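Read through the structure below, which is laid out as structure tokens, and then see the notes.
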Amino acid sequence: MAKRRDLKKNVNYIADIMASFCMIEVMNADSAKHDSLNELVAEVASLRSDIISRISHTEPGNVKGFYKKLKSDFNSGLEEIFNKLNDKKSSLI
């Protein structure tokens, strides 16, 4: 199992990349789409803070299950945001 500090750094790194993708789309989008794309950036920030706070307070007793659920929640949250970004991007074309 990785150290919590390393895990938090990885989550921050991935969230920063995801927010960067969203910001690139904001810069390329019309002004009408800025609000909906900015909401995606807020979702990334919310997901990041949720995952970081969950890492800080690990469940005693079921550590392996806790981190499996954490990983699946983080992956599903990112996948959902990517799908929304892809939908917004396809509607811009």
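Candidates K71, K8, K89, K33: the one that is touching an Asp or Glu at 6+ places or on another chain (Cβ under 8 Å) and assigned to a helix (DSSP H, G or I) is K89.
This table checks each residue for (1) under 12 Å from the mean Cα position of the chain (by Cα); (2) open to solvent by 70 Å² or more (accessible area, probe 1.4 Å); (3) in contact (Cβ under 8 Å) with a residue 12 or more places away in the chain.
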site: L37; (1), (2), (3): no, no, yes
site: L40; (1), (2), (3): yes, no, yes
site: E43; (1), (2), (3): yes, no, yes
site: I55; (1), (2), (3): no, no, yes
site: E59; (1), (2), (3): no, yes, no
site: K69; (1), (2), (3): no, yes, no
site: F74; (1), (2), (3): yes, no, yes
site: F82; (1), (2), (3): yes, yes, yes
site: N86; (1), (2), (3): no, yes, no
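On the given criteria, is L47 part of a helix (DSSP H, G or I), farther than 20 Å from K3 by Cβ and within 15 Å of the chain's Cα centre (by Cα)? Against the criterion (part of a helix (DSSP H, G or I), farther than 20 Å from K3 by Cβ and within 15 Å of the chain's Cα centre (by Cα)), L47 qualifies.
Among residues of region 13-32 that are open to solvent by less than 90 Å² (accessible area, probe 1.4 Å), none has a Cβ under 8 angstrom from a residue that is among the hydroxyl-bearing types (S, T, Y) and outside any helix (DSSP H, G or I) at a sequence gap of 6+ or on a separate chain.
The values are calculated or read from the model by the stated rules, or taken from the named source; none is laboratory data. Being a predicted model, the structure only gives us computed values, none of them experimental. FYI the Cβ positions are ideal-geometry reconstructions off the backbone, even for glycines, and counts take in every protein chain you see. Heavy atoms of the whole protein, side chains included, go into the accessibility calculation; ligands, DNA and RNA do not. Shrake-Rupley method; radii C 1.70, N 1.55, O 1.52, S 1.80 Å.
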